[in-house]
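Undergrad: A single structure is presented below for examination.
The values are calculated or read from the model by the stated rules, or taken from the named source; none is laboratory data. No experiment lies behind these values; they were computed from the predicted model shown. No Cβ is skipped: glycine too gets one built from the backbone with ideal geometry, and neighbour counts run over all protein chains shown. When the accessible area is computed, the model is the full protein with side chains, heavy atoms only, and any ligands, DNA or RNA have been set aside. Shrake-Rupley method; radii C 1.70, N 1.55, O 1.52, S 1.80 Å.
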Amino acid sequence: MRIILVCGFLGSGKTTMIRELAAHMVRAKGRRVVILENEVGEVGIDDLFLAGEGFQVKGILGGCICCQLTGEVTAAVNEIGREFSPDAVVIEATGVARPGSILKVLLKYGEGIEAVTVVDMVDAGRWEMLSEVVPGLILGQISESDVVLVNKIDECEDELVENIRALVAAENPAARIYAVSAAQGLPSAILEEFGEGGEQEVSCALSEKEKSTPEEGASCDA
Amino acid sequence: MTTANDLYEERLERILTAVRLERPDRVPVVPLGDSFCARHQGVKLSEFCTNPELSNQVMLKCFMELGEVDGIQHTNFYVHNLSTAWLSRLKIPGRDLPEDELWQVDEVELMSESDYDAIINDGFRPFIERFYLERLDNLGEKLPVFFMSVPSAMQAMKDHGIVPFSPAIVTIPYELFCGGRSMHQFLRDLYRIPDKVQAAMDVAIRDMIEDARMMCGMIKPIAAWVGGWRAASEFISPRHWQRFVFPYYKQMVEAVVEEGVIAVLHFDSDWTRDLEYLRELPAKRIVFSPDGSTDIFKAKQVLGDHACIMGDVPASLLSLGTVEKVEEYCKRLIEEIGPAGFILAQGCDIPPNARPENVAAMIASVKKFGA
Ligand SMILES: Nc1nc2c(ncn2[C@@H]2O[C@H](COP(=O)(O)OP(=O)(O)OP(=O)(O)O)[C@@H](O)[C@H]2O)c(=O)[nH]1
Ligand SMILES: [Mg+2]
């Protein structure tokens, strides 16, 4: 089972991206995909929409504090694995979470996970504001991701997009970076990257992560 | 024969010794649980969260069944209190959600930019009274039920020899405004109109401190919960944190301590970057209580001679881990963060899906490793 963990600040385009990606994976590639929403509040509506499109959906309700969500996400992933044995679970992280904190719990307690890819949605339209006020969160999300989508480029000048790209690359040299307008469709290169699965490659990414992810809590594994 | 009162005095002394950074006869354990206790006792969350008296009985029964605790952080739970901390409406089980679903803070933009002006011009108290009435469905009318229930809830714990540790809850304007404006709008405010936000915070904190003093005088708690998660160092730039967060915590903590009450810094998310600043808070009168995200071992290094540390068995370890792993981590905490100046507890809150045997193992570990 492959995990695609999608992070990014509130309103950066996570749900928009996930819908397109999941639609592609299901329709074009025939994969069995479960989407796990992790937002407080809006879950119900997304559930209906996605269920209507023919995906299997499982919503998480409850938990208003990040420290609880990490455990709940993993518990839900394990349940999904047992119940549906899908090819992939796409998780939408809450906008104020750093993927690393979800990932370390997921890798420690998750069952049947063969590969993990972390995608970060960067909101180009609000880059200046967010990188000034909450740089720790924004840069943390970038540095803990495998793929960074600089989103909403329809809202900004090319020069700003190039600046953001460069800053993202500096923060995370290993990341694959794309500039997109998710609302207007994702480029096929991205859809292919995820649609194919690429088990070999992502399995490696997983073991790399296990090595580099610090232990839970300051260190749970005393 | 040891009476409940003897037991209470013994446990209180154990906790106070830890707060003074001395070494008690053994490390105290003082957990916090709400939805977990309801699940454990088979009480529907819809009933638990709207009935403060019931919540007190449920917490007491739950923790007494799971072992011997020295204290319990909160004496009861009342879902509407969440609205006072984040100026948000709630989704409540049995009303907006299925009966046994966990409550949620429903964050939307309830507070407008012009509310900052109203606070600056007319004061915080008139603003908040109107806000409770008009935008939070007359919240002011719902709160007395909780406040009236606290003294008897504290007494019920004492009657069982258990210390009701931190039943008073206070926070800073950042948490209120951020919830009321919604996080996205609030961050924009900090970027676009920082002076106005600060001016409103400066007005708000005066009334919030006055309320906190009044509450301390009325309830006479041993400690007060002072905290939140939105203002954590992991999110906010140092410049913003030093301007909009720390000065307000400092004022609030100093006021609480002046009232003779210990301030429990219930700081969720990662505050590691700014631990050094916490040394400016009153020594040996505060308890730093991280949730598993802050590096608690670093906290001991930086704050060890200044603040008692309480925590931080992570939520995920309690829900997904094994008894052996819980014991192993508690042992490490007791030995490395304790045995002086340390109170064992979960990080943040015991999650609703925690395994009871894991919580029991946490509680028992102080007797096993903590003497
Ligand atoms: N201009 C523009 N708007 C976009 C783009 N992608 C998404 N949006 C809009 O941004 C808003 C938020 O998109 P979502 O997909 O809901 O974002 P999210 O990250 O899931 O939001 P939360 O779950 O609330 O954190 C919506 O109004 C989208 O239509 C884009 O490429 N360009
Ligand atoms: Mg979304």
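Undergrad: For the stretch A:32-59, which positions are within 14 Å of chain B (Cβ to nearest Cβ), open to solvent by 10 Å² or more (accessible area, probe 1.4 Å) and at pLDDT 50 or above?
TA: The answer is A:Glu39, A:Gly59.
Undergrad: Quickly run through the stretch A:8-31 and pick out the residues that are more than 9 Å from ligand 1 (Cβ to nearest atom) and either within 14 Å of another protein chain (Cβ to nearest Cβ) or more than 11 Å from A:Val119 (Cβ to Cβ) (or both).
TA: A:Glu20, A:Ala22, A:Ala23, A:His24, A:Met25, A:Val26, A:Arg27, A:Ala28, A:Lys29, A:Gly30, A:Arg31
Undergrad: Checking the condition closer than 30 Å to B:Ala4 by Cβ and in contact with a helix residue (DSSP H, G or I) (Cβ under 8 Å, 6 or more places away or on another chain), which residue from B:Val226, B:Val203 passes?
TA: B:Val226
Undergrad: Looking only at helices (runs of 4 or more DSSP H) that lie completely in the stretch B:284-371, which have at least 3 residues being modelled with pLDDT under 95 and surrounded by 24 or more Cβ atoms within 10 Å (Cβ to Cβ)?
TA: B:315-320
Undergrad: To continue, here is another question. Taking the stretch A:141-161, which residues are of a type in the set (Val, Ile, Thr) and part of a helix (DSSP H, G or I)?
TA: Residues satisfying the conditions are A:Ile142, A:Ile153, A:Val161.
Undergrad: Quick check on this structure: which one of A:Ile102, A:Ile113, A:Ile138, A:Ile164 is among the β-branched types (Val, Ile, Thr) and part of a loop (DSSP other than H, G, I, E, B)?
TA: A:Ile113
Undergrad: Condition (residue is more than 18 Å from B:Cys348 (Cβ to Cβ) and away from every other protein chain (no Cβ under 14 Å)) applied to the stretch B:310-322: is it met by at least one residue?
TA: no
Undergrad: Does A:Gly95 satisfy being in contact with a strand residue (DSSP E or B) (Cβ under 8 Å, 6 or more places away or on another chain), facing chain B (nearest Cβ under 10 Å) and under 27 Å from A:Gln184 (Cβ atoms)?
TA: For A:Gly95, the condition - in contact with a strand residue (DSSP E or B) (Cβ under 8 Å, 6 or more places away or on another chain), facing chain B (nearest Cβ under 10 Å) and under 27 Å from A:Gln184 (Cβ atoms) - is met.
Undergrad: Among the candidates A:Val105, A:Val118, A:Val122, which residue alone is within 16 Å of ligand 2 (Cβ to nearest atom), at pLDDT 85 or above and buried (at least 24 other Cβ atoms within 10 Å of the Cβ)?
TA: A:Val122
Undergrad: Residue check, A:Gly95 against (1) closer than 19 Å to A:Lys29 by Cβ; (2) touching a Leu at 6+ places or on another chain (Cβ under 6 Å); (3) part of a loop (DSSP other than H, G, I, E, B), all met but one. Which one?
TA: (1)
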